[in-house]
1. Report whether or not B:Ser170 is crowded, with 23+ Cβ neighbours inside 10 Å, within 14 Å of chain A (Cβ to nearest Cβ) and among the polar types (S, T, N, Q).
2. For region A:186-211, what are the residues that are under 27 Å from A:Ser10 (Cα atoms), in contact with a Gly (Cβ under 8 Å, 6 or more places away or on another chain) and modelled with pLDDT of 85 or more?
3. Name the single residue, out of those in region A:50-84 being surrounded by 14 or more Cβ atoms within 10 Å (Cβ to Cβ) and basic (Lys, Arg), that is farthest from the other protein chains (Cβ to nearest Cβ).
4. Is it true that some residue in region B:120-131 is part of a helix (DSSP H, G or I) and among the small types (Gly, Ala, Ser)?
5. With region A:133-245 as the region, which helices (runs of 4 or more DSSP H) entirely inside it contain at least 3 residues that are more than 23 Å from A:Met120 (Cβ to Cβ)?
6. Which of (1) within 15 Å of B:Tyr176 (Cα to Cα); (2) more than 10 Å from every other protein chain (Cβ to nearest Cβ); (3) without any contact (Cβ under 8 Å) to a residue 12 or more places away in the chain does A:Ala121 not meet, given it meets every other one?
7. Looking only at region A:37-49, decide whether some residue is in contact with a strand residue (DSSP E or B) (Cβ under 8 Å, 6 or more places away or on another chain), surrounded by fewer than 15 Cβ atoms within 10 Å (Cβ to Cβ) and more than 20 Å from A:Gly80 (Cβ to Cβ).
8. With within 14 Å of chain A (Cβ to nearest Cβ), closer than 30 Å to B:Phe265 by Cα and modelled with pLDDT of 90 or more as the only criterion, which of B:Leu196, B:Leu192, B:Leu163 stands out?
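The values are calculated or read from the model by the stated rules, or taken from the named source; none is laboratory data. The structure presented is a predicted model; accordingly, all values stated were derived computationally and were not measured. Here the Cβ positions follow ideal geometry from the backbone for every residue, glycine too, while neighbour counts run over all protein chains shown.
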Amino acid sequence: MIEVRDLRVSYGGRVVAKVPELDVAPGECVAIVGESGSGKSTTLLALLGLTEGAEVGGRIRVAGVDVTSASPAELRAIRGARVALVMQSPQAALSPTLRLGTLMRRALRLHGVGDAERVMAEAVEAVLLDPAILRRYPHEVSGGQAQRFAIALAIALGAEAILADEPTSALDVTVQAEVVAVLRTLCAERGLALLLVSHDLALVSTIAHRVLVMRAGEVVESGPAGRVLSEPSHPYTRELLEALP
Amino acid sequence: MSALPEAAPLRRTLPRVTDRFALAGAVLIALIALAALLAPWLAPHPPDEVDPFAALRPPDAAHWFGTDAAGRDVLTRVLYGGRTSLFIAVTVLAVSATTGVLLGVVAGYAGGWVRDVIMRITDVFLAFPALLLSVALAVVLQPSVTTVIVAIAVTWWPWYARLSASMAASIATRPYVDAARCLGVPAPMIILRHVLPNSLTPVLVQVSLDGGGVILTAAALSYLGLGAQEPTAEWGLMVEQGQSLFTTNWWVVTFPGLAILLTAFAFNVLGEGLRNALDPRRIVK
């Protein structure tokens, strides 16, 4: 689903992210961990071709499309519809003047998804939200609801992969668990590929199959989640683990 | 980021406009607009009814505001003049706000050379004193109400362009704009559906503050003989015609003058009120 080789993102000659290899298969969850500024989010944006003003080298294939050589129209067609991005601040990611239902309906029309009402009802149900939420404005829903709505949007659009950028860090602990549960279910039952960016190792350990550890733009360690998190080989990974409460 | 205070989105704040100041301004403008709209029914005399034998009568029971040098009823002409002045104000604001906001929002969202081109053109217009440019334009064109509208609109839109460009530039960095891009929404649709509606609040305030300014400018142009022409009833023109009579027949100039004052005042009250009511620091409270 997602296939990255020798990715190199730089701004004005300064390399901000270097990823030699990153694959996410359907039904698999891969997590990129690391501190702020380690290049995690840049890597995600590069997958959608949204790194404006950056030089991107290497090969990126997402949902069968070569992102580095695709036309703007081809990129727009995969964004959202095949690969969805779930952002860190769920409410801020919703336009304050639109009801959630309006937003979702427009997104479906944009990507030519028919039978919108049924698709919307199913998607909202899949993330355990009350359908009444579609009549609300973003400031009338909680962070957890907004985040689950973002995931519902991805489902409604038929996305095969979800890129999640710190999807729980702006949420309360109990709400975090709900969002994680929804993501894990989607991964397991619908075969979605999930690429998660997080600095929350506790979250990562509960959901990820494989882990990449990034620091200052470089991947310092990667492997199965169980091994990386229990027997880290790189001192930086050990540091991260020791920082856990 | 822009230096503007972050305005709260329109939808969230509009129902909370309970500010008494804004309300008073809105009521006053509604009354003035109503009087102008209903002029044919409210006015005691036909607007162009000339009566040489009733010229320059002071206010009395038959002519509450007196009559002018041609014997026309001043109250009637003040009511009809309101139609002209408000028509000019509404048209100028609609044309200049639409033009300015569209250009500004595109400039603010796109950035780069697009912004540079649009904003430099805007700067050229802003470089001239507004009234001077209006006067120059009106001199070149035939004096008429349409001329007034064109002359003022040309000098007015750059302010909206500049205001909405800085708003749009700050909106363009919001996560929901990124989210729209991540959904594959094309740029024109992002501007129309997300950037535009969320940049409108300060423009709305500015438009209501500007209503008075446009009325004053229109009156000034007519006063200079560059705008509405006889026999059109227009406040600025009436003031011009009545001023020489002020020491002997004060009512001819005073009532249209008061009408200008009252309307400009009402727009300012509304604008100030809206500005306060939509101030995010008060909404958050």
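1. Working: crowded, with 23+ Cβ neighbours inside 10 Å: no; within 14 Å of chain A (Cβ to nearest Cβ): yes; among the polar types (S, T, N, Q): yes.
It is false that B:Ser170 is crowded, with 23+ Cβ neighbours inside 10 Å, within 14 Å of chain A (Cβ to nearest Cβ) and among the polar types (S, T, N, Q).
2. If the condition is that a residue be under 27 Å from A:Ser10 (Cα atoms), in contact with a Gly (Cβ under 8 Å, 6 or more places away or on another chain) and modelled with pLDDT of 85 or more, then A:Ala193, A:Arg210, A:Val211 are the ones that fit.
3. By that ranking, first place goes to A:Arg61.
4. Filtering region B:120-131 for residues part of a helix (DSSP H, G or I) gives B:120-127, B:130-131.
Now drop any that are not among the small types (Gly, Ala, Ser), which leaves B:127, B:130.
Checked region B:120-131: at least one residue is part of a helix (DSSP H, G or I) and among the small types (Gly, Ala, Ser).
5. On the way: elements: A:143-156, A:173-190, A:201-207, A:225-230, A:235-242.
The qualifying helices (runs of 4 or more DSSP H) are A:173-190, A:201-207, A:225-230, A:235-242.
6. Only one criterion is unmet by A:Ala121, namely (1).
7. Within region A:37-49, none of the residues are in contact with a strand residue (DSSP E or B) (Cβ under 8 Å, 6 or more places away or on another chain), surrounded by fewer than 15 Cβ atoms within 10 Å (Cβ to Cβ) and more than 20 Å from A:Gly80 (Cβ to Cβ).
8. Working: B:Leu192 fails: closer than 30 Å to B:Phe265 by Cα; B:Leu163 fails: within 14 Å of chain A (Cβ to nearest Cβ).
It is B:Leu196.
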